[in-house]
Structures are given as C-alpha cells and as structure tokens.
Amino acid sequence: MTNETDQFLDSVATSEAGGRRRRGRATSSEVVLAARDVNVYYGDHHALHGTTLDFHKGEITALIGPSGCGKSTFLRSLNLMNREIRGCRVEGEIIYRDHNINTPKENLYELRRSIGMVFQQPNPFRKSIYENIVFAPKRHGLTNKAELDQLVEESLRGAALWDEVKDKLDKSAFALSGGQQQRLCIARTLALKPDVILFDEPCSALDPISTLAIEDLMNSLAEERAIIIVTHNMEQASRVSNRTAFFYMGDMVEYGETDQIFQRPQDKRLNDYLTGMFS
Amino acid sequence: MPNTQAAPVASAESAQDAHIKRAGMQDKLATGVLTAIVALVMLLVVSMIAYILFQGIGMLFKPGFLTEAARSNGTEGGVAYQLFDSFYMLFLTLIISVPISLGGAVFLVEYAPDGPVTTIASTAIETLSSLPSIVVGMFGFLVFSVNLGWKYSIISGAVALTMFNIPILVRVIQQALEDVPQSQRDACLAMGLTRWEATIHVLIPAAMPAIVTGVVLSAGRVFGEAAALLFTSGMSSPVRLNFTTLNFSSPTCAWNVFRPGESLAVHIYKIYGEGSPQAQEIVWGTAALLMICVLLFNILARIVGKALARRMTAE
Amino acid sequence: MARQMPKRNLEKVGLGVTGACVALVTLVVCALIFMVAQKGLSAFFKDGVNVVEFFTGTTWDLHNAQENGMPFTGALPLIVTSFSVMVLSTAIALPVAIGSAIFAVEIQPKFGQKVFQPLIELLVGIPSVVFGLIGFHVIVGAMKAIFNVPTGLGILPGSLVLAIMILPTITTLAIDALRAVPDSYRQGSLALGYTRWQTIWHVVLRSALPSLMTAVILGMTRAFGETLAVRMVIGGIETMPNGLLDAASTITTTLTTSMAVYADGSVQNDVLWSLALMLMGMSLIFILIIHLIGKKGATERA
C-alpha cells in the first residue's frame, strides 16, 4: 500500500514536468485511423462541426474540452457507436487502414473488433472473469478450449491483471474492485486484438491509485496500437498523451503536441480553459 | 398614539397565530383521516381473504373434493377436473404468450426504430391491455370457436387467455429490459456483437429475475380469469377424463386440447347461484382453492425473483 | 472454429424474429378491432336496426319481436347502468385510493412500501368471480338488511364491488405518481413554513395531477369493462333502473348472459356485437384521453 502511495505521489510530482512515461516509447508516423471533415448531428442539433484528425500507431491522443464540447461524440464516431443512438447522424469520412468506414456497407461487427472501446463506468458482464473475456471471441467463432485459455491469460497479462486474478478466474467479475473491473474491461477488449483502443473517460469513476495503474497500462498498450482517450482530467492528459486535441462547443479548436498544447496554447479559449476560466 | 398603532399589529399577530394554529390542526386532522382510511383498506383486504379461506377451507379437506370429478352439473362431487383444466390452460397460455411477449418486448426495447411502426405497435398493445376481457372472449369465440371450428375447447380458451396476457407480459418484460444498464448493451456492441447476441446472452439473463417475477404474477391473473373463457373454453368439463390415454383426438383424453374445459373461476360463476347447501359448500371450497392458488403464485413470484436476483449477485 | 452465421445476417434474424412477434400482436389487434367493428356495424347497416333507437330506446328485449318483426334493441338502460356503476364506483374508490396513496408515500413511506403496497397488490390478484361471490353473499345481504329491500341486487352493490376492485389499480398508480414528485418540491415548501398537509395539498398533489388523472381513467376503464363480478350482484334485468337498488344490467353483463344464446349472424347476435363495439369504443376513448393528458403534461413541463 505504502509502495503504491509512494508511486502515486511520485507520479503526481513528475506530472508537472510532463510525459515522463510516454518518452520511453517510440512513436511512429504510421496513421492507423483518421477523421476527415466529420460532422455529427443529433436530430437537428449539429453537435460536432467538420473535424479532421489523424491518429498514429504508437501514440496516445487525448481529446480534452469542457462538458458538451463534442469530444465524446467524436470518439463514439470513430468506431461507429453513434449509429446505435437513435436520431444520430455522422457525416464525413473516417479512414481506417486506408478505407472509409463511414459507409452503410461497412461491416460494423468486424470493425469494432479492430477498434476497441473502454467506457467511463467499468461495465463487466454478470459472468465469471473467464467468461467476460472469452464471451466476445466465442461469439466471433473461436471455440478451441486451449486457445481460449491462452487468450484469457494473454489478455489478462496485457491488462496487468493476471497476477491478481489467475486463481479466481471462475469468480464473478462483480467481486473485483472498480479499478480491477476497469482493467478486466480492457483485457476483454484486448482479447479481440484491436489496432485502436478508444477510452471514454476511463478513470473518472476510479480512485487515484487505480487511475495511475490504468495510465501505466495505456502507456504499454500504445506500443503497438493507437490509443485515443477522452478525459476531463488535464493532469492525466498531460501525463499520458503524445498529442492533444482541444474541443470547444462542437469545434476542434486546437491540436498539437501535448507539451505545446499545455505550455504554449495558441487559442485564447484553450488558454482560458487551461487556466480555469471555465470548465 | 402609540397604542392605536400597536393595536392593529397585535391583532394581525394574533390572526397569524390563529392561522398557524388552524394549519396545525388541519395537518393533524388530515393525518388522522388518512390513517383511518389506510386502516380501513387493510382491514378490508385482510378480512376478505380471511372470509373466503374461512368459508371454504373445510371443504378443501373433505375427501374427494380435490380428487373427484364434478357431478350433477357441478353441484355435487369435486373439482378435480376444473383444477386440472385451470392449470392445463395456464400452461398452454404461458407456452404461447411468453415467447411472443419476449420477442415483442425485445423488438420494442432493442430494435424498434422511431417512427410509425413502433407507434402503431405500442398503441396496439396498449389497446389490447385496456379492452374488457369479455370483448376478447367474444372475439375468441367468433374466430377460434366458430370460424376455425375449434368449438368450446381448451385451446380456444388458452388462445383467448394469451391475448389477455400478452399486453401484461410485454409491459413487464419491456420494463425489465429497460432497467438493465445501457452500459451492458454498449459493452456488447463495442466488441462487435449484434444486438441479438447482446439480448440473448447478456440482457435477458440480467433481466431474468424481473421477468420471472412478472411471468408468475401474470400467471396468477390468468388463473383467475373467467370472462374471456365463458365462450371459448366453455362452461363444462367432460364427465370423465382419461389421463393415461395418449389418443389425443379422443374427447375424453385429458390432454386433448380440442375438448371443452372449465376453469375453477368459471366453475364458481356457473354454480354460485345454486341454492343447495352442497353446491354452496362447493362454491366456497372452489373460491378458497382459487384464492390459495393465486396467493401461492404471488408468494412464489416474490421468492423466485429474490432467489434469482441473489444468485446473480452472489456469483 | 465453428461455422458461425455472419453477424449481419444474425442481426437480421433477430430483427425478423422479434419483429414478427410484434407484427403478430399488432395484426391480431387490428383484426379484432376490424371484426368487432364490422360485426357491430352490421346490425345497423345489414339488419336495419335503427341507430337512434339503439342509443335512445328504453326497451331491450331480444326474445320478443316488435310489430315490424325486429327485437327490441333500445340499449339506453344498459348504457345508463354501465355509466352509473362506473361513475359511482370511481366516486367511492377515488378518495380512499388517493388518501391511501398519500399515506403510503408522504406519511409512512417505509410502512407504505413494505406492508401496505404488497397488501394492496394482493387485491389485484383476487379473481373477479371471487369479488362477485363475496359481493353476492356479503354486500347484497347487507343491502337487504340496511335498506330493507327484497333482493338487495342493483347498481349500488355493483358499484361497491367495483370500487373495491379498482381500488388497487388507482392506488398503486397514484403511489407511483406521488413518488415521482421530486423531493426538492417538498423540502422547498416545508422550508417556507408550510405544514406537511399544506405541502401535500398545494404542492405534491398539484404537481402529480396529470399522473393522478391517468390513474383514475385507468380505474374507470377497468370499472367499465368488468363483467362477472358485476353480473353476480346487479340482478341482470335489462330495464331502465329506477334506483340504485333496482335490479339492472350493464352492457357487459348483458353480453355474458345473451351472447351464447343467439346464432351467429342473427339480428340479436349482431346487436350484441354492437354493444361490444361500444365497449371497445369506450376503451379507445379512454386511451385517447390518457394520451392527451400525457401530451399536455409533456408540453407543460417543456
């Protein structure tokens, strides 16, 4: 416990300097996912105005901005989850692996295996830890018991949860703590071997220690993937992300290297936001 | 001068005091009246149930009442066949109505697009739920008994009861599904699963305690329904039923769904006006039996629902 | 690797299967409405029953023929009786139901939820013939003794039985309506120095009014359509009632006694369907009223 607390205090202390963790990782220029002039409407309400952004492999991109600025709406467009909301319409191109996925013909089900998503509230199923992980792979056709077992171990290791739960895989996921549940949800996503993982305020329901564990995890996950995180927490954005995009009232106002965004904001609105003029 | 000025202030103050006092009195009075009303209602419910059980419980222990067939058009003998017919019709009703209601509720909660289709469907279900059961019974009579030629039969009765039961069940299941957190749905969809898989493997299991409770409670309602049965299953059971034969077309085969049948509730309606003391004993015995069954459904619904919920959270 | 159906098709199967269930129910309801309307209207258009006489005539006698060979089809006595029992039973049940709901939500919420509500829900489960049976023995007997009348059957005992039957419907819906009133309303009123009763009367009841009205309408719907319990205590004589303790017959009870008597397609049978059409029409009107209340509430909130 004290060890973890020390670690926490340590990382809080270094967060100001910015990006201690992310510097160890090699970034690449390979664009995995890109948005081209994406507009989102809820009925008549124009919630997101023409947004264009690239997401690179090996990088974490943070989407920040005040509540209702369109950052979550944008995130949910990237794996076409907005299609599940009645009355929601997404226009523009979303390019994944060089082809536009925002078409009626796109196979949503295959796509969402490649672009995983982790939600604000940990939302494991009322099943065992094991079942939580193999549920989706099984439904996607993987039935070999040995392969499934291996997948469970791999995914849990990937989510840094294996050591904590390896002896109780048949126990209910609801018996885990909030932070463990969230890591289980990440493991569940990893089991589908995604290229991109979208995090929608993944730590807002967690305590500081669990938050740091998730941040560490994101850092290691980003080695081979593109990670996109929506967060309300400025410290978190500056700690984990390579690039940051600032959204305000449905517009993507400023985008750049995280250090530049936080230390030399160009736009007045971003500056006001960072200095706490509004939230 | 100061005196004349003070006087109205004082009287205003005392008027205000009186007002506050009156308000306080009103409050006490209202509380008293409401308490009395509630006491009266509770007394009414308890005494009604006690009265029926008191009047009929003796009959239940009388040899033959639960095991013998009715004689002399129901005024003598027992109610064994009525008891069987009630459960048999209930069973058939649930077999038909649960899957349809489940499908309907899933459509309305998970799939239904906004628009005229959904509006028409939910209005139709609402209409069905508010129709008097006698109208449902008459429709059943016209379509199943007359037009389809099923005459007075168990199956006609069960289908009429199905129509009566579906709106109740759809509403219960709809509610149960809506109560499952949206995040469970999102989790499935975000992993590339279909709404269908989410429903079958996650949402319905999560809603199961509420669904089971609702189904059992609705079973209690179906069990006591009579008006929809008068013209569909008829007002008499065959004189002899054979439970061992598997010749389903035989009119005396108990399992033949095309034979007439009579539920306990219809039986009460049929003979309640008979003057003989024997018939009166049977009426009250039947009423007590019906009440006990309905109470059991009620208790069962709560116990099973709670047990399922506990098992789910304990895992 | 097991062969799995492509997800897109699986979703179509799901949509198809559940959509079929809804379509089936919708179709049956439409068929029901259509058939009842067709049957009910054929009395007027095919058999030549006079519409005006049907709604205003005071003689209902399907057995005997008038001079023109038609049965007596004046349904006014049945209509009057049906409306009388509906209004009277609602008038009896309403204060008790609302009072109990206030008690169960505002005064003793814990007791209300743990004891009173399960008990009142038990009433919903009691079959209507059992209500009728108790009414026939207890209430009718009481009427005879209290008012010194020969039979004790009639509109009053019918309304009393119905009042007990619709009591749980109105009460549970009223409890839900009162619970839905936000606590901040109550605290605001209490903070201004109002007593609990003043708060309930001026704030809680007023803001729950649309839902309470819906509760009452649903109770009336049940009262209007209830059949057997009323049949057992009302006497079943199809004449214009002379008083509350005069044997009478409602639309529903007339259907119970006469429906199986006349052959399908006869004038008598058709005119009974006209009664059923009237019942259905009333249900639809009640639904419409509930929707209008809901819509009005929604616009007021917006």
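General observations
- Magnitude of the charge dipole, segment C:134-222, Cβ model with Lys/Arg +1 and Asp/Glu -1, debye to 20: 80
- Proportion of all alpha-carbon pairs of segment B:174-315 beyond 25 Å (%): 53
- Between the listed residues A:Cys88, C:Ala191, C:Phe55, the Cα displaced farthest toward the positive end of the dipole of the protein assembly as shown, a dipole computed from Cβ unit charges relative to the Cα centre, is found at C:Phe55.
- Pairs of Cα atoms nearer than 8 Å and 6+ residues apart set the relative contact order; for chain A it is 28 percent.
- A:Arg243, A:Arg188, B:Arg22, ranked by accessible area, largest first (probe 1.4 Å): B:Arg22, A:Arg243, A:Arg188
- Interchain or long-range residues, amide H under 5 Å from A:Gly92's placed H: A:Asn39
- Basic side chains Lys and Arg get +1 at the Cβ, acidic Asp and Glu get -1 at the Cβ, and with that the dipole of the protein assembly as shown about its Cα centre reaches some 800 debye.
- Projecting the Cα atoms of A:Leu270, C:Ser207, B:Leu295 onto the charge dipole of the protein assembly as shown (Cβ charges, centred on the Cα centre) puts B:Leu295 farthest toward the positive pole.
- Calculated from the alpha-carbon coordinates, the protein assembly as shown shows an Rg and a Dmax of 33.9, 109 Å respectively.
- Of A:Ile133, A:Ile214, A:Ile101, the one that fluctuates the most in a GNM where chain A has Cα springs shorter than 10 Å: A:Ile101
- 15 Å cut-off, amide nitrogen to a point 7 angstrom out along C:Asn50 Cα→Cβ, residues in segment C:73-106: C:73-76
- FRET efficiency estimate (nearest 0.05) - Cβ-Cβ, B:Ile120 to A:Ala175, R0 56 angstrom: 0.80
- Global form of chain B, assessed from the alpha-carbon gyration tensor, a/c cut-off 1.5: oblate
- With a threshold of 23 Å on the Cα-Cα distance, the over-threshold entries among A:Lys127/C:Lys110; A:Lys138/C:Lys7; A:Lys127/A:Lys166; A:Lys193/C:Lys12 are A:Lys127/C:Lys110; A:Lys193/C:Lys12.
- Gaussian network model of chain A, Cα within-10 Å springs - most flexible of A:Leu33, A:Leu142, A:Leu48: A:Leu142
- As computed over chain A, the Cα convex hull volume per residue (Å³): 134
- For A:Phe247, distant residues with modelled amide H under 5 Å away: A:Ile64, A:Gly65, A:Val253
- Choice from C:Leu24, C:Leu292, C:Leu212 showing the highest fluctuation, given a GNM over chain C with Cα pairs closer than 10 Å: C:Leu24
- Looking at chain A alone, DSSP beta bridges between its own residues are antiparallel in about 60 percent of cases.
- Karplus 3J(HN,Hα) series, Hz, for segment A:106-112 with 6.51 cos²θ - 1.76 cosθ + 1.60 (x for Gly, Pro): 4, 7, 3, 6, 5, 4, 6
- Take the Cα of C:Leu284, step 7 Å toward its Cβ, do the same at B:Leu60, and the gap between the two points is 4.5 nm.
- Charge tally in the Cβ shell below 13 Å around B:Ala228, where Lys, Arg are +1 and Asp, Glu are -1, B:Ala228 excluded: -1
- The distance linking segment C:61-136 with segment A:67-122 is 54 Å (Cα centroid to Cα centroid, whole angstrom).
- Per-pair calculated FRET efficiency, R0 = 45 Å: C:Ala20 and B:Arg240 via Cβ, rounded to 0.05: 0.65
- Only helical runs count toward this figure. For chain B, summing -39,500 (n - 2.57) over DSSP H runs of n ≥ 4 and dividing by all residues gives -23500 deg cm²/dmol at 222 nm.
- Over segment C:80-261, relative contact order from alpha-carbon pairs under 8 Å, at least 6 apart, %: 34
- Evaluating 6.51 cos²θ - 1.76 cosθ + 1.60 at θ = phi - 60° for every residue in segment A:51-59, the Karplus couplings come out as 9, 10, 8, 10, 10, 9, 5, x, 10 Hz, glycine and proline recorded as x.
- When you count the other C-beta atoms within 10 angstrom of each residue and take the mean per peptide, C:176-186, A:232-242 line up highest first as A:232-242, C:176-186.
- Couplings 3J(HN,Hα) for segment C:156-172, derived from phi with the Karplus relation 6.51 cos²θ - 1.76 cosθ + 1.60 (θ = phi - 60°), are 4, x, x, 5, 4, 4, 5, 4, 5, 5, 8, 3, x, 4, 5, 4, 5 Hz, where x marks Gly and Pro.
- Inter-label distance for A:Asp251 and B:Val33, nm, one decimal - labels placed 7 Å from Cα along Cα-to-Cβ: 6.2
- Prolate/oblate/rounded label for segment B:4-163 (Cα gyration tensor, a/c 1.5): oblate
- Axial C-alpha extent at least 15 Å, average Kyte-Doolittle at least -1.0 - helices from chain B (DSSP): B:2-60, B:80-106, B:116-130, B:154-178, B:204-224, B:277-314
- Segment C:80-261: C-alpha gyration tensor shape, a/c 1.5 cut-off, then a/b vs b/c: prolate
- Relative contact order, percent, chain B [alpha-carbon distance under 8 Å, six or more residues apart]: 24
The values are calculated or read from the model by the stated rules, or taken from the named source; none is laboratory data. This is a predicted model, so every value here is computed, not measured. Glycine gets a Cβ as well: all are built from the backbone with ideal geometry, and neighbour counts include every protein chain shown. For accessibility, only protein heavy atoms count, side chains too; no ligands or nucleic acids. Shrake-Rupley method; radii C 1.70, N 1.55, O 1.52, S 1.80 Å.
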